[in-house]
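Here, each number is a calculation from the coordinates, and none is a lab measurement. Quantities reported herein were computed from a predicted structural model and do not represent experimental measurements. FYI the Cβ positions are ideal-geometry reconstructions off the backbone, even for glycines, and counts take in every protein chain you see.
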Amino acid sequence: MMAALKPPAAAGEIRQGEPMSRHTSWRVGGPAEVFFKPAGLDDLSAFLRDLHSDVPVFWFGLGSNLLVRDGGLPGVVIATAGVFNKLERAGDYRVVAGSSVPCTQLARQCIRWNLGPSEFFAGIPGAVGGALAMNAGAYGGETWERVSAVTTIDRNGEVRQRTPADFKVGYRSVSGPADEWYVEALFEFDPHARPSMETLKAMLARRKDTQPLGLPSCGSVFRNPPGDHAARLIEAAGLKGHRIGGAEVSSKHANFIINRDGATAADIESLISFVQETVKAKSGVELLHEVRIVGELAK
């Protein structure tokens, strides 16, 4: 970790050495050197403008789909949960949603507005910013299928308006301008689609029945390979219930790794690698993890 990093003055909340285990859905992760929750967009922009260009910056949302290693994160973690909460109509079939809005909240509100297809957002265990960053999807829908424009902020605190043409979007992957993060998105829905609250409730019930929602996890760990499902391959390899330390492949859904009993990030990362190696040996398929692994190893 860097020594004696002095962050710029800001109106938001600044903490030194904040354990990331308090904020990730896996409940693991070492300390952030500086943990900054801005008071708003202007505060964040000023903070970034005044931050030394050599200081690493990590953008952090709800902490799902993320494994922070036990050594923690150097530099500044910018925590946006609860900061960018705009959710409003922008025309007959358009909605502006801030990057901090939970995807389930977006789904429910769009259904109230009779905008679809939107139910699939309820299957994404995170916020809009994270869904944009990885083109998250569920139940046959993907985030960027609905994106008309995005607002970003860059490393120097400059706010920009961008279109999908500025990004390369694929299955669970998005690449675009470097060192920019999502502030909000403009979603456009199909005027002929009629969403259903009953469908959403059925999706949530199915999720509850098939996923270990009561235990710390990150959601799906691995991408589905073409023409197959990661969960099927993991189960076929006999890995349901397999443990390393406190980390366990869920017996309820094989594409979930749960923090069963005081797992460390190292336990989880070791189990991810073991699953990949075993599935490769059993079926010849190389599983790619969709969870993002960041930070430093414990010393």
For Thr152, Thr210, what ranking results if the residue with the fewest other Cβ atoms within 10 Å of its Cβ goes first? Thr210, Thr152
Which residue, Val28, Val174, Val249, tops the fluctuation ranking in a GNM of the chain built on C-alpha contacts under 10 Å? Val174
Whose amide H sits under 5 Å from the amide H of Gly29, counting only residues 5 or more places off or on another chain, with H placed in the peptide plane? Ser21, Ala265
If each K or R counts +1 and each D or E counts -1, the residues other than Glu290 whose Cβ falls under 10 Å of its Cβ total +3
Which of the peptides 127-137, 253-263, 46-56 is most tightly packed, and how do the rest follow, going by the mean number of other Cβ atoms within 10 Å of each residue? 127-137, 253-263, 46-56
Only one of the listed values, [x] 63, 46, 36; [y] 56, 52, 31; [z] 84, 50, 41, was derived from the coordinates as Cα extents along the principal axes in Å; which label is it? [y]
Ranked from highest to lowest mean number of other Cβ atoms within 10 Å per residue, what is the order of the peptides 176-184, 60-68? 60-68, 176-184
Given springs between every Cα pair under 10 Å in a Gaussian network model of the chain, which of His289, His192, His242 has the largest fluctuation? His192
Residue with peak Gaussian network fluctuation, the chain [Cα springs, cutoff 10 Å], from Val76, Val150, Val285: Val285
Distance between segment 119-176 and segment 11-87 - C-alpha centres, whole angstrom: 19
Express the relative contact order of the chain as a whole percentage, based on alpha carbon pairs under 8 Å and six or more residues apart in sequence. 18
Net charge (Lys, Arg +1; Asp, Glu -1) of residues whose beta-carbon lies under 14 Å from that of Phe35, Phe35 excluded, is 0
Holding the Cα-Cα limit at 25 Å, pick out from Lys252/Lys282; Lys240/Lys280; Lys240/Lys282; Lys208/Lys282; Lys6/Lys86 the pairs that are longer than that. Lys208/Lys282; Lys6/Lys86
